[in-house]
1. Exactly one of (1) in contact with a helix residue (DSSP H, G or I) (Cβ under 6 Å, 6 or more places away or on another chain); (2) free of Cβ contacts under 8 Å to residues at least 60 places away in the same chain is unmet by Lys321. Its number?
2. Which ones in region 49-58 are open to solvent by less than 30 Å² (accessible area, probe 1.4 Å) and part of a loop (DSSP other than H, G, I, E, B)?
3. What's the number of the condition Phe119 fails, among (1) aromatic (Phe, Trp, Tyr); (2) over 30 Å from Cys35 (Cβ atoms); (3) at pLDDT below 85?
4. Determine if region 296-311 includes at least one residue that is of a type in the set (Val, Ile, Thr), in contact with a helix residue (DSSP H, G or I) (Cβ under 7 Å, 6 or more places away or on another chain), closer than 27 Å to Glu397 by Cα and buried (at least 17 other Cβ atoms within 10 Å of the Cβ).
5. Could you please find all residues in region 113-146 being farther than 21 Å from Gly263 by Cα, open to solvent by 40 Å² or more (accessible area, probe 1.4 Å) and of a type in the set (A, V, I, L, M)?
6. List every residue pair whose Cβ atoms lie under 8 Å apart, where the two residues are 6 or more positions apart in sequence or sit on different chains, the first residue falls within region 263-292 and is more than 30 Å from Pro124 (Cα to Cα), and the second residue, located anywhere, is among the acidic types (Asp, Glu) and open to solvent by 50 Å² or more (accessible area, probe 1.4 Å).
7. If I filter region 59-87 down to residues being surrounded by 18 or more Cβ atoms within 10 Å (Cβ to Cβ) and over 18 Å from the mean Cα position of the chain (by Cα), which single residue comes out as nearest to Val309 (Cα to Cα)?
8. When the residues of region 1-39 are narrowed to those that are exposed (fewer than 15 other Cβ atoms within 10 Å of the Cβ) and assigned to a loop (DSSP other than H, G, I, E, B), which ends up modelled with the lowest pLDDT?
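The values are calculated or read from the model by the stated rules, or taken from the named source; none is laboratory data. In this text, all values refer to a predicted model and were calculated from it rather than measured experimentally. Cβ placement follows ideal geometry from the backbone for every residue including glycine, while neighbour counts extend to all protein chains displayed. Protein only, heavy atoms only, side chains kept; ligands, DNA and RNA dropped before computing areas. Shrake-Rupley method; radii C 1.70, N 1.55, O 1.52, S 1.80 Å.
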Amino acid sequence: MPRFAWLLLVAISGQATKAAVTFNHDIAPIIYRHCAACHRPGESAPFSLLSYDDLKRHASQIADVTKRRYMPPFLPQPGYGEFIEERRLTNTEIELIQNWAKEGAPEGARSDAPPVPKFSSEWPLGTPDLVLRVSELYHLKADGPEIFWNFVIPVPLTRARWVKAVDIRPSNPKVIHHASIILDRSRSASRQSHGASGFAGMDLNIAENTFDPDGTFLAWKPGSVPMVSPDGMAWRADPGMELILNTHLRPSGKPEIVGAEIGLYFTDKPQTKFPLLIELEHDGAIDIPPGKSDYIVTDEFRTPLDLNVLAVYPHAHYLGKLLEGYATLPDGSRKWLVRIPDWDLSWQGVLHYKQPVFLPRGTVIGMRFHYDNSNRNARNSHHPPKRVKGGSHADDEMGNLWLQILPVESGDKRAILQQAVMRRLIEKYPDNFTANFNLGDLLLTQGNAAGAVPYFEAACKAEPRSALAVSELGV
């Protein structure tokens, strides 16, 4: 054989060897790193991906959903915020999966196989300092509408403790779309539920509640990892308080039993930094005609202080399409907070920034959400489309952009922020009970009784049966 032909044969042979893609050498490390946390027994995904046989059975499906970037699920567009939770395959990883599936999904040498990941059945942050359990399980019917159910969970403490981390462990993650915790120091939820251990509803009856302003996202979704608060940002758990675990449940086709455990992790370092959760929304303006393919909802909030944005949580229902959150700085330039070009309610969740996003005083934070109520929207739950308004049911629509913000200046500046938030809310909804009552309460706390009176009067007009508002107005 001529030397040139021999060299060419060697080169071709080397390329062929290099191009071979196998499960053990190439695919398993990708799947174990990005997919196995959900695709394993007992978790939310519909099938396991821990063995070669598992993957070979679903090879073409895996190639399809990864090529479309439907899996692993991560909605934000690259370049519009850098997030800790990012789960995005590289182009090289996607190409490897494509080639592996095309080549018949070969297993490869067993000696190349990485160890199968082991997932502890214990708590990932270690044994909690306090474990709370749902006292009465919820029985979810086999079919029917999606359900929002609130578990009321007492916190058995004899003294106040600082909580640095919370781990939510649902007993049946396959039917829980997402869950979040609300702190209820006044036990007003127990009064609302008449002493029962749970009650239905997405929105609580604010007119009868006195919840503390939230400063931390206490949430769970499939595949989520519990976050540990930085030093100085723990929240206070008080004796006698209750936690409300708000769960979004989806029927599975068979009767299910739902419960949960909540692990609390304490610290001796008290709170010295005071974040606040603020919400941009204009649900009251949502009225989407049937067939409308690009309905837009906007809102904005001007910052009264220099702020750092620590996390963002966009939320819409099934008509949401393009979701945008951004900040217009005082010099007119734009800083992106998040952009989701193809919204999917199934994969919503809290997004924590890798680095805080600084916004100077006077920045206008904006949201611009697009909705598609046409037949072209595959996620539209109405066939044919029908008029959809803002509301808390699954087949209503919502548009919320929640932000966790932390004032740059030291000390507790939440009252300044809350006052700005309430004034903006009153601009949109002059008859809103919550905004008027809370603003009146803030002004009264600051010693401005005369300024508080008009807002308590507006609250009483909005909710004449509210003993709380009448009492404050009397004071």
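1. Among (1) in contact with a helix residue (DSSP H, G or I) (Cβ under 6 Å, 6 or more places away or on another chain); (2) free of Cβ contacts under 8 Å to residues at least 60 places away in the same chain, the lone unmet condition for Lys321 is (1).
2. Correct list: Leu49 only.
3. (2)
4. First pass over region 296-311, keeping only residues of a type in the set (Val, Ile, Thr): 296-298, 303, 309.
Next, only the ones that are in contact with a helix residue (DSSP H, G or I) (Cβ under 7 Å, 6 or more places away or on another chain) stay: 297.
Checking the rest, the ones that are also closer than 27 Å to Glu397 by Cα come to 297.
Of the ones still in play, those that are also buried (at least 17 other Cβ atoms within 10 Å of the Cβ) are 297.
Yes, the conditions are met somewhere in region 296-311.
5. Ala113, Val116
6. If the second residue must be among the acidic types (Asp, Glu) and open to solvent by 50 Å² or more (accessible area, probe 1.4 Å), the pairs left are Leu280/Glu300.
7. Thr66
8. The initial filter retains those residues of region 1-39 that are exposed (fewer than 15 other Cβ atoms within 10 Å of the Cβ), namely 1-20.
Still in the list and also assigned to a loop (DSSP other than H, G, I, E, B): 1-2, 20.
Values: Met1: 52, Pro2: 55, Ala20: 87.
Restricting to residues being exposed (fewer than 15 other Cβ atoms within 10 Å of the Cβ) and assigned to a loop (DSSP other than H, G, I, E, B), the top hit is Met1.
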